[in-house]
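Okay, so here's the structure we're looking at.
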Amino acid sequence: MSQTSNDMENLERGKGRINETKSVADVDDNIIGELINKSQEAKEFAYCPYSNFRVGAAVLAPNGTIFTGCNVENACYTLGICAERTAISKAVSEGYRHFRAIAIASDLNEQIISPCGGCRQFMREFGAHWDVYLTKPDGSYLKMSVEELLPVSFGPADLKGTKV
């Protein structure tokens, strides 16, 4: 994804939206706004007594259903779960396996929130070609695809490849 330094500076200042990636899911602007709002609302429920870093996510199913999630920490640090995985797991637990988009929100004012490597791989499990909205609290966002976030990725089809 190519971006001018001017575009990135504007995003860092919270001005405008950078949407250079062609939408892979063709999501309506109103739905994008709702998805971002739901991710911001989900952030309010975060359980993060150790990091104090709240994250919310909202994932959009093909039929328009939105599932939300927040990060949930644990005293045994490795047992915590990220907001993205919470939202996707809620959707999967109700029978959904395909997604159009996900929005991710945090309290970071100076920069967008980006999913961790584990969440990128978790999203990839459900396809490489769906939209990811990396947001700031003011509603500005950077839209990328799962494939852009995790290029040359490992997915379910790789398990079906010829083995030695």
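The values are calculated or read from the model by the stated rules, or taken from the named source; none is laboratory data. Keep in mind that what you see is a predicted model, and the values were worked out from it rather than measured. Every residue, glycine among them, receives a Cβ derived from its backbone with ideal geometry; neighbour counts consider all protein chains shown.
Restricting the first member to the stretch 119-146 and to residues that are farther than 19 Å from Asn30 by Cβ, and the second to residues that are surrounded by fewer than 18 Cβ atoms within 10 Å (Cβ to Cβ) and β-branched (Val, Ile, Thr), the beta-carbon pairs closer than 7 Å and six or more apart or on different chains are Met144/Thr21; Ser145/Thr21. Across the stretch 24-45, a minimum of one residue is classified as in a loop (DSSP other than H, G, I, E, B) and at pLDDT 95 or above.
Do the conditions hold for Ser93, that is, is it farther than 15 Å from Ser39 by Cβ, of a type in the set (Ser, Thr, Tyr) and surrounded by 18 or more Cβ atoms within 10 Å (Cβ to Cβ)? The answer is no for Ser93. Of the residues making up the stretch 53-79, those that are among the polar types (S, T, N, Q) and outside any helix (DSSP H, G or I) are Asn63, Thr65, Thr68, Asn71, Asn74. Within the stretch 101-129, the set of residues being crowded, with 18+ Cβ neighbours inside 10 Å, within 10 Å of the chain's Cα centre (by Cα) and not in a helix (DSSP H, G or I) comprises Ala101, Ile102, Ala103, Ile104, Ala105, Ile113, Pro115. Here Cys48 meets the list (1) within 15 Å of the chain's Cα centre (by Cα); (2) over 23 Å from Met144 (Cβ atoms) almost entirely, failing just condition (1). Only one entry of Val132, Val164 meets the criterion of being in a loop (DSSP other than H, G, I, E, B), out of contact with any Phe, Trp or Tyr (no Cβ under 8 Å at 6 or more places or on another chain) and of a type outside the set (S, T, N, Q), and that entry is Val164. The C-beta contact set for the stretch 77-101 (first residue closer than 20 Å to Cys116 by Cα, second residue assigned to a helix (DSSP H, G or I) and among the basic types (Lys, Arg), distance under 9 angstrom, 6+ apart or interchain) comprises Ala83/Lys43; Glu84/Arg120. Counting the residues of the stretch 105-164 that are farther than 22 Å from Leu35 by Cβ and either among the polar types (S, T, N, Q) or touching a Leu at 6+ places or on another chain (Cβ under 7 Å) (or both) gives 2.
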